[in-house]
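For reference, the structure is listed below as structure tokens.
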Amino acid sequence: MDPASSPEQFKAAFVPNAGEDVESVDNVDVFVDLPDGSRWSATIITLAQVELVMERWAASEEALGGRYFWLSDGLIVRDAGISNMTQVLVGLVENEEFAQVLQRLDG
């Protein structure tokens, strides 16, 4: 059984744009429910997408001309795609780093 689909670990609901290929998603919100009833969220974005955004901001003068990138609930990953992002979430749960990375939505 794929650990990412195991209800014992967590349930994740990714929110890609309509029609977006889930295996090339490079910037997506995710909501995660753990077995203890807690609910968490993050915006997962690839390193390549961060670079593109910063380049765009350099031209538009946003974020001091693209000199910084900041997200309150951001998780930067190397590889695009929901399956790759799910593997990162599985690793965070298994390594007990989840609460340090994602933002808790309840209590």
key: Point-to-point label distance, Q87-E23, nm (Cα→Cβ direction, 7 Å offset)   = 1.3
task = Consider all pairwise Cα distances in region 3-104 and report the whole-number % of them above 23 Å.
result = 29
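Can you tell me what share of the DSSP beta bridges in region 3-104 is antiparallel? A percent to the nearest 5 is fine. Write down the numbers at each step before the final one.
Details: 14 of 18 bridges.
The answer is about 80 percent antiparallel.
Hey, what did the chain get for relative contact order, percent, Cα under 8 Å, at least 6 apart? Don't jump to the answer; show the numbers that get you there.
Working: 160 pairs, mean separation 30.6, N = 107.
Reported as a whole number, the value is 29 percent.
Using a Förster distance of 41 Å, how high is the FRET efficiency between E55 and L105, based on the Cβ-Cβ distance and rounded to 0.05? Don't skip to the answer; put the middle values down first.
Numbers: r = 32 Å, r/R0 = 0.77.
Once the sixth-power term is evaluated, E becomes 0.80.
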request  = Please go through region 63-94 and write out the chymotrypsin sites (Phe, Trp or Tyr not before Pro) that DSSP classes as loop and that have at most 11 other C-beta atoms within 10 Å.
outcome  = Y68, W70
remark   = For region 32-48, in residue order, the Karplus 3J(HN,Hα) values (coefficients 6.51, -1.76, 1.60; θ = phi - 60°; whole Hz; Gly and Pro = x) are 10, 10, 9, x, 6, x, 6, 10, 9, 9, 6, 9, 9, 9, 7, 4, 5
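Values in this text are rule-based calculations from the coordinates and carry no lab data. A quick note: this is a predicted structure, and the numbers were derived from the prediction, not measured. Cβ coordinates were reconstructed from backbone atoms using ideal geometry, including for glycine residues, and neighbour counts include every protein chain displayed.
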